[in-house]
Each structure stands twice: as C-alpha cells, then as structure tokens.
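Working notes, structure below.
What follows draws every value from the coordinates through simple rules; no lab data is involved. Note that the coordinates shown come from a computational prediction; the quantities given were computed from them, not determined experimentally. Cβ coordinates were reconstructed from backbone atoms using ideal geometry, including for glycine residues, and neighbour counts include every protein chain displayed.
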C-alpha cells in the first residue's frame, strides 16, 4: 500500500529488549525529526492484508533523545501487537508525523507535587517526565521545585521494565520518590519489596508523602480498573476532578491501545 509522505514516517526498529514473554521495549528511528512533549504518544502502524493497522503508544524516551523508545505488551487477540511482536531489529513500520495526547505534567497550576500511579507499560510517560526533568536539573535549568512521587505496580517483579532506572534516579535525585509493588507475591518468592495493587498502597504513601488535592496533581496510567479504583480513593482525599489526569491503555470489551 502507498501512504502519504506528508503524514507518515517510514520508521525503523533499531533495537529490541525483551522484558518478559509478553513484554518488550523497542527503540525506533523515525527517519526524521519528531518533536513531542513528555507524556505524548506516537501512532505506529504495520501493513497487513492490504491495510494499515495502527495504534497509539506512549513514548518512554525524552524529547532530547534521538530515537523513540516504546514499551509494548502483547495482546494475543489484538490487531497490532501480534504483528509488532514478530518484528525484529531492522524492520520497518509506519509512524504518523504528528504526536498526540495531553497527558503532560501540570507545571502551571501552582501545585508542585505530582503523584504518578501506573501499571506495567503505563509507566512509559512517567519515564519520559523524569528523564526530561533530570536532564534539565543536571544542566541547572530545573531547580527541583516540582516533586514527583511514583507508585509502579505489576503482577510480578520481572514485568517492571524500568524499576532499576527509577531506583538509580531516586537514589541521587532529591525531588523523586519511587515505590514498586507486585500483586502476586506467591508467584515471585524472591521479591522483597512492597506487595499489593496501586490502590492498596495509595493511602499509605499519600499520607507518608503528605499529598492531597490541595497540593498535588495525580496522574493515572495503565489498567482501567486501577484507574477507577484509584480515582475513588483520590476523590475521598479531596482531589477534585480537574487535578486527576488519566490515560487508559485499554477499555474492557473494547481494545484501545493494543
């Protein structure tokens, strides 16, 4: 099929890192400049049976990085992820030239605290936030006035794509706190960290970090049930609707970002 050069890049996969059987990270060279803000997504596509199958994927990389980094979860019945799963280094795919999304950090409301809640691949935009801020902080362009608090959940520890990166950053950056938690410890006997879902830890750490709707913006990304449950908890902590931002990665009974 032929596609408009005005709308699409012919992108290329330059590296692949497998996280688990159904989770992997790719670096993608768009082939030209692709400007985006941390928290936005790229629309990737693969040709199949004379049509272009496209989905949106949150960008892990920060804007200053040359290549795009994408964290993908295989959805066996999905239209696109099985096609992407079979692609290896050197493979081409389409990428729309214009990024989308408004799941960006709130730096204008006056709230200096940012509570970031995510499951598995939902961590992607948060990595982009932190890489961007860290670069500016080390260059003296960010004074650390905004503080980021991350609760990152997965079923098992090997499903964390960026835990080590977060832990290294949090150890040296005063404006970042990071908590990883798993919900199936009986399948991960060596895990020594927190146990439970995001919503199980939300009250504990929001109290410890003194976060509420008067001083904090919340960002929820990933599994829809986590988002719904966490929104209820946040609303009871005086988080108004306009200080809760969400990015749902799929909708029950209807695929979204797959």
Worksheet item: Any idea how far apart residue 17 and residue 190 come out in nm if each label point goes 7 Å out from Cα toward Cβ?
Response: 1.8
Worksheet entry | DSSP-defined antiparallel bridges as percent of all bridges, the chain, nearest 5 | 55
Worksheet item: Based on the Cβ-Cβ distance from residue 210 to residue 236, what FRET efficiency comes out when R0 is 25 Å, to the nearest 0.05?
Response: 0.95
Worksheet item: Any idea what angle helix 124-138 forms with the longest principal axis of the chain, computed on alpha-carbon atoms, 0 to 90 degrees, nearest 10?
Response: 70
Practice prompt. Could you compute the FRET efficiency for residue 77 and residue 100, with r as their C-beta to C-beta distance and R0 at 22 Å, rounded to 0.05?
Written response: 0.35
Fill in: Rough spin-label spacing in nm, given labels placed 7 Å along Cα→Cβ, for residue 32 and residue 87
1.8
Practice prompt. Ratio to report: Rg/Rh of region 8-96, with Cα atoms as the point set and Rh obtained by the Kirkwood method; give two decimals.
Written response: 0.93
Worksheet, complete the sentence: With 0.36 nm assigned to each residue of separation and the Cα-Cα distance removed, residue 158 to residue 107 gains 15.1 nm
Discussion item. Per 0.36 nm of contour for each residue apart, how much would the distance between residue 228 and residue 203 grow if the chain were fully extended, relative to their Cα-Cα spacing?
Written reply: 7.5 nm
